[in-house]
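Peer 1: Dumping the structure here so I can ask a few things about it.
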Amino acid sequence: MVKISKEAALQYHANGRPGKIEVKPTKPYRTQTDLSLAYSPGVAYPCLEIQQNNEDAYKYTDKGNLVAVISNGTAVLGLGDIGAISGKPVMEGKGLLFKIYGGIDVFDIEVAEKDPEKFCEAVERIAPTFGGINLEDIKAPECFYIEERLKKSLDIPVMHDDQHGTAIISAAGLRNALEVNGKDIKDVKIVVNGAGAAAISCTKLYMALGARRENIVMLDSKGVITSDRANLTEQKKMFATDRRDIHTLEEAIKGADVFVGLSKGNVLTQDMIRSMADQPIVFALANPVPEISYEKAMESRPDVLMATGRSDYPNQINNVIGFPYIFRGALDVHASAINEEMKMAAVNAIADLAKQPVPDVVNDVYHVNNLTFGPSYFIPKPVDPRLITEVSAAVAKAAMDSGVARTSITDWAAYKNQLREMLGQETKLTQKLYDTARNNPQRVVFAEGIHPTMLKAAVQAKAEGICQPIILGNDERIAKLAKELDLNLDGIEIVNLRHDNQAERRERYARILAEKRQRQGYTIEEANDKMFERNYFGMMMVETGEADAFITGLYTKYSNTIKVAKEVIGIRKEYKHFGTMHILNSKKGTFYIADTLINRHPDKEVLVDIAKLSAMTVRFFNDTPVMAMLSYSNFGTDEAGSPLQVHQAVEELHRQCPDLAVDGEMQVNFALNKDLRDSKYPFSRLNGLDVNTLVFPNLSSANSAYKLLQTLDPDTEIIGPIQMGLNKPIHFTDFECSVRDIVNITAVAVIDAYVDKLKNKCCMD
């Protein structure tokens, strides 16, 4: 675990703008009209609508996406009763997690009131502002009363996350851990060390899953809670045991199947774990120091199933896996409460998710190759992007089924897409690409089957339903790698291009290529040798119609791949050059950037071809090209070198393509700032238009531009490189590509192949 110093923490919270959250406008505000609509007099109209129907507050305000994180500071982390204002950094932090994981806006509210009645009164008076209430860091037993009262008095979701968040995540973990060790929850003996809010709630939820009260032993700071002990709270009475033979943790844990620690660090010993039943489950959840360290627990016996609250060990029980998505689902159906049905839906959704194949982004974050369901992975990781769709949807549906939803969701696929869009996981363009590809899946050849990233991408592309993968490589090595990565190769064709069983095909491909290139010095012998190379073989599969598209290898040098593509596939007859484009989906819109890969030092002719190819490609994505030809000068201010070539290319484009919205040369700020450009250069063909396509003067500037934007803004989605100008769908990858990048390129390749088939059919007809 990263060591956090006091100095570093204080600097983090104080640097720049103090604190961790801010409020941002969501509507235009730059003109007087905007301000008049936002405030007086325009604001009166939604006020009157809400007066007529209070539910319209969800329609005209942020109520439906606004949660109050409320505390009185009486139980802040492990710091205790430090006061309301002292707990504010924690509440801000909770607001940050709500926003980044659930897209939920938060006001953190610190109430300087310890009296439960008065605290509740304060919350009840401000509740109309919010769509939900997250109670935080309130000490027991007051927290039980506060939550129950507010749940009864308010008509919006109320949840004390310290209780239920931990309970939901640990219950999901317990369900899956019991599945791993093959035990039935009705039979297992459970020891809960701790009797605070979290411990009580966890134990209640375990019982809801099927655990029997008589099999549960709970301990507090005084030892085993027995029914003959005086002055027990109502919550402790619920779990007081009638047994009189156990008093200490050491005595209680003998023969137990499950230990759940919600107490303090270093109270569980290795000998205690050794005294437990076979394949014991140990949840050491005290923070920052667990009841026993992960290392010591694993050393005590090899069959222990271990979870902690820490991110640096397997099976982290972290509330962030739950609360953003529970509130997200509740808010999206305007729920009046978070009930037991919704909590159980969250438990089951989280538990089920751990059994699904893990996205590559999760493996990358944790620097592992293949997280799979088992002893070291029975709880989803907090960074899993599927949590927001699976848990939120499950909670929303449970709210509808249990009758606490005020509005309904009918199209669950659209709802999940909306959630992915909101967090920037997926854009409308990506969705459209995938949907189109799914409707017209094609045969796609993947060059490097032995590369883990490409193999994962091929399997995922098939699972997404966007293509029929054909993987090139040694079948035995691929099968071994798939087993290591826990990948299912069913229905995927593997072609070992160097095997003797492919000799006839190699010879046939060689004859075709030699005949095609005989005037360029090719011999049949040379062509035969080429067919042992994956790029030649794979492209020949596409050239002969035995496949529809080809994805190049990640380790292949571009210069070599470009050469092969020209030889085997060739450039479209109407062009002399080909290029690539990257699509950038940013907060400011979608932009098309060319040429990002192929042409290092383009002259006028090359730039003209790139521009025409770019226009064609933008139209391919059902967009209208508005193109700026970029340089470091504007409209002839520099009459030599690169600007001159761009200037001449623009003149040629105006002659050849009079209806194309293209102009330049211009600097990138003039291209993207319509007001600036139009005021200085009103004669431009781009007057009044928003540029969406940028053609750079050389490869260095184009490549640097998109990689700079990618680095500075990780939220910007980049699709590419997308090939433009070859006769058939050959698409490129490089060693930086992630699984998602390759799948995105595959979707483009599939659509490219489908469109190519339609064109050929029209020509034949």
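Peer 1: State the number of residues belonging to the stretch 126-153 that are polar (S, T, N, Q) and surrounded by fewer than 17 Cβ atoms within 10 Å (Cβ to Cβ).
Peer 2: Residues that pass the stated criteria total 2.
Peer 1: In contact with a Ser or Thr (Cβ under 9 Å, 6 or more places away or on another chain), outside any helix (DSSP H, G or I) and either assigned by TED's automatic domain parsing to the domain that holds LEU305 or buried (at least 17 other Cβ atoms within 10 Å of the Cβ) (or both), is that true of ILE156?
Peer 2: yes
Table: residues versus (1) of a type in the set (A, V, I, L, M); (2) under 18 Å from ILE722 (Cα atoms); (3) outside any strand (DSSP E or B).
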residue	(1), (2), (3)
HIS577	no, yes, yes
ILE610	yes, yes, yes
GLY636	no, no, yes
HIS647	no, no, yes
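Peer 1: Of all residues being hydrophobic (A, V, I, L, M, F, W, C) and touching a Phe, Trp or Tyr at 6+ places or on another chain (Cβ under 6 Å) in the stretch 372-392, which is nearest to SER311 (Cα to Cα)? Just the residue, please. First the steps, then the outcome.
Peer 2: First, pick out the residues of the stretch 372-392 that are hydrophobic (A, V, I, L, M, F, W, C): 373, 378-379, 383, 387-388, 391.
Right, trim to touching a Phe, Trp or Tyr at 6+ places or on another chain (Cβ under 6 Å) and you get 387-388, 391.
Working: LEU387: 17, ILE388: 19, VAL391: 20 Å.
Here the answer is LEU387.
Peer 1: Moving on to the next point. What is the residue count in the stretch 75-104 for residues that are closer than 15 Å to PRO18 by Cα and basic (Lys, Arg)?
Peer 2: Residues meeting the conditions: 1.
Peer 1: Also: Tell me, please, whether a residue that is among the hydrophobic types (A, V, I, L, M, F, W, C), more than 30 Å from ARG406 (Cα to Cα) and out of contact with any Lys or Arg (no Cβ under 6 Å at 6 or more places or on another chain) can be found in the stretch 33-49.
Peer 2: Scanning the stretch 33-49, I find at least one residue that is among the hydrophobic types (A, V, I, L, M, F, W, C), more than 30 Å from ARG406 (Cα to Cα) and out of contact with any Lys or Arg (no Cβ under 6 Å at 6 or more places or on another chain), so the answer is yes.
Peer 1: Has the stretch 658-679 got at least one residue that is touching a helix residue (DSSP H, G or I) at 6+ places or on another chain (Cβ under 7 Å) and among the basic types (Lys, Arg)?
Peer 2: Scanning the stretch 658-679 turns up at least one residue that is touching a helix residue (DSSP H, G or I) at 6+ places or on another chain (Cβ under 7 Å) and among the basic types (Lys, Arg).
Peer 1: On the basis of being among the hydrophobic types (A, V, I, L, M, F, W, C), under 24 Å from the mean Cα position of the chain (by Cα), within 30 Å of MET531 (Cβ to Cβ) and modelled with pLDDT under 90, does ALA437 make the cut?
Peer 2: When the stated conditions are applied, ALA437 passes them.
Listed here are the residues, each with its yes/no results for (1) assigned to a helix (DSSP H, G or I); (2) farther than 30 Å from ASP137 by Cβ.
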residue: ASP34; (1), (2): yes, yes
residue: PRO41; (1), (2): no, yes
residue: CYS47; (1), (2): yes, yes
residue: GLY73; (1), (2): no, no
residue: GLY87; (1), (2): yes, no
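Peer 1: With the requirement that a residue be within 36 Å of the chain's Cα centre (by Cα) and in a helix (DSSP H, G or I), what does the stretch 125-151 give you?
Peer 2: Matches in the stretch 125-151: ILE126, ALA127, PRO128, THR129, CYS143, PHE144, ILE146, GLU147, GLU148, LEU150, LYS151.
Peer 1: Give the residue, chosen from ALA351, ALA335, ALA256, that is aliphatic (A, V, I, L, M), in contact (Cβ under 8 Å) with a residue 60 or more places away in the chain and more than 23 Å from ALA197 (Cα to Cα).
Peer 2: Residue meeting the stated conditions: ALA335.
Peer 1: Next question. Looking at (1) among the hydrophobic types (A, V, I, L, M, F, W, C); (2) in the same structural domain as GLU533 (by TED's automatic domain parsing); (3) under 19 Å from the mean Cα position of the chain (by Cα), find the lone condition where ALA414 falls short.
Peer 2: Condition not satisfied by ALA414: (2).
The values are calculated or read from the model by the stated rules, or taken from the named source; none is laboratory data. All of these numbers come straight from a predicted model, not from anything done at the bench. Because the Cβ atoms are built from the backbone with ideal geometry, glycine has one as well, and the counts that use them run over all protein chains shown.
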